[in-house]
């Protein structure tokens with residue numbers, strides 16, 4: 001018969017092993033290691049936050065942006081911590097969306113994660129708001145995610161399975177949920193359109209084992225938000241129940257969740273990442 005002391009040691013060892021198994025299972029639940037991702041607008045701002053998070057999490061990441069030299073430099077920087085490649089493109093036209101998709105397809109047979117982040121903004125008083133301010137913003141913010149997703153459907157379908165679908169993550173905005181304080185008529189309208197397009201595509205592509213969700217960021221440090229935060233940063237932070245501006249790891253965290261097995265049963269969702277600004281008023 002074993003002594004009580006031996007039984008105690010065996011019990012502790014069993015608990016330790018069970019704990020390690022549980023930790024490994026949880027790590028696997030949120031793992032994106034080995035997946036292939038394309039992040040548009042990935043050389044700065046929200047796109048860079050997501051791209052960096054994916055690279056550090058072990059994904060092979062392609063970033064795209066309009067300025068080739070900036071895209072190349074940022075891909076080289078991210079490559080110091082993982083695998084990142086540059087695929088510059090100006091996604092304001094359907095032809096460039098198709099060209100980017102072809103460039104990606106020539107390198108990868110399957111695409112596990114597409115992040116449609118490239119975007120533009122325009123602000124002007126209503127009496128002065130130009131047609132070009134609508135065309136530029138809607139072309140890049142609404143049409144490009146549709147064209148690029150459509151062009152990459154073969155690669156997304158090749159990556160997706162019933163248990164682990166391919167993921168399309170559109171970057172919307174809380175300005176598509178609430179009325180913005182600035183005169184950004186086309187931007188807020190475009191982001192509301194992105195949110196609804198997300199729902200439409202989620203229903204269309206779900207049977208093909210592709211989920212489609214949107215992240216709606218609030219205030220984060222980015223070039224697009226720089227002027228707004230300089231002028232209103234303190235007031236914006238105070239308007240959040242959490243009392244601060246978003247950080248890079250806040251954005252990376254939700255993007256990794258949506259791309260991992262943990263997010264495999266989520267589709268058609270619009271997730272505000274804003275410290276509660278848009279949802280608690």
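Rule-based calculations on the coordinates, nothing more; no lab input. Note that this is a predicted model, so its numbers are computed, not measured. Glycine gets a Cβ as well: all are built from the backbone with ideal geometry, and neighbour counts include every protein chain shown.
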Original post:
If you line up the Cα atoms of the chain on their principal axes, what length do they span on each, largest first, in Å?
Top reply: 91, 48, 38
**OP:** Please list the radius of gyration and Dmax for the stretch 178-234, considering alpha-carbon atoms only, with Å as the unit.
**Re:** 15.0, 46
**OP:** Between 100, 38, 91, find the one with the highest GNM mean-square fluctuation for the chain; connect C-alpha pairs within less than 10 Å.
**Re:** 100
Original post:
How big is the convex hull of the Cα atoms of the stretch 181-281, per residue, in Å³?
Top reply: 115
Original post:
Looking only at 62, 265, 187, which one moves most when the chain is put into a Gaussian network model with springs between Cα atoms under 10 Å?
Top reply: 265
Original post:
Zone of residue 203 (label point 7 Å along Cα→Cβ, backbone N under 18 Å): which residues in the stretch 247-281?
Top reply: 266-270
Original post:
Can you give the calculated 222 nm mean residue ellipticity of the chain, where each DSSP H run of n ≥ 4 adds -39,500 (n - 2.57) and the sum is split over every residue, rounded to the nearest 500 deg cm²/dmol?
Top reply: -15000 deg cm²/dmol
Subject >> C-alpha long axis of helix 45-56 to longest principal axis of the chain, angle in ° >> reply: 20
Subject >> Taking 256, 63 and counting other C-beta atoms within 10 Å, the order from fewest to most >> reply: 256, 63
Original post:
Say we join alpha carbon atoms closer than 10 Å with springs in a Gaussian network model of the chain; which of 65, 102, 173 then has the biggest fluctuation?
Top reply: 102
Original post:
With a Cα-only, solvent-free Debye model of the stretch 94-244, what are the log10 I(q)/I(0) values at q = 0.11, 0.16 Å⁻¹?
Top reply: -0.49, -0.92
Original post:
Helix 185-205 versus the longest principal axis of the chain: what angle, 0 to 90°, nearest 10, using Cα atoms?
Top reply: 50
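Please work out the FRET efficiency for the pair residue 134 and residue 99, using the Cβ-Cβ distance as r and a Förster radius of 22 Å; give the result to the nearest 0.05. Could you put the intermediate results ahead of the total?
On the way: r = 25 Å, r/R0 = 1.12.
Rounded to the nearest 0.05, the efficiency is 0.35.
Just want to confirm a number: the relative contact order over the chain, from Cα pairs under 8 angstrom separated by 6+ residues, in percent.
Values: 536 pairs, mean separation 51.7, N = 281.
Once divided by the residue count of the chain, the mean separation gives 18 percent.
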Original post:
Short version: what are the Cα gyration tensor semi-axes of the stretch 146-188, square root of 5 times each eigenvalue, largest first, in whole Å?
Top reply: 32, 13, 5
Original post:
With the contact rule set at Cα under 8 Å and sequence spacing of 6 or more, what percent relative contact order holds for the stretch 190-281?
Top reply: 40
